[in-house]
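The structure under discussion appears below in the form of C-alpha cells.
Every read-out reported here was derived from the displayed coordinates using simple, explicitly stated rules and does not represent laboratory data. For clarity, every value in this text was computed on a predicted model and none was experimentally measured. Neighbour counts run over all protein chains shown; Cβ positions are idealised from the backbone, glycine included.
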Amino acid sequence: MKSGLNKWVGNLDMTRKIFTNSRERWRQQNVNSAFAKLRELIPTHPPDKKLSKNETLRLAMRYINFLLMVLGEQSLQQTGAASQGNILQLFPQRSHLPDVDNRTLLNDYGVSAPGPSHGAP
C-alpha cells in the first residue's frame, strides 16, 4: 500500500513539473514575441540588425524620449507655450489605468491565454 502511495505522489510531482515547464515555456514565448514586435518598431542601422533584449529596451526608451521631444516641440510651436519650459505639461496624464479585463488586453495584443489552470501550482 505504501509503494502505491509513493508512486501516486511521484506521478503528481511529475505532472506538476510538466505543467510548470509548459507554463514557463508559454511565458517565455510570449516575452520573446513581445520583444520581436518591439524590435520591428525601433529604427536601427542597419535595418536588419538583431538587437539583444537589453539593447531593445534601451533603444525603445531613447526612441520614446525622442518622439516625446519631437511632439513636445511641435505642440510648443503650435500653442506658443514655449515659455512654460515643461513639454510634459502638454500631454494629458492619467491617474490610473482603465478597468479592463485581462483577457481583453491579451486579445488586443494577439496573445493567447494559457487556460483556466494557469494559476494552479
Cβ-derived FRET efficiency at R0 41 Å, V9 paired with L67, nearest 0.05: 0.15
Prolate/oblate/rounded label for region 13-73 (Cα gyration tensor, a/c 1.5): prolate
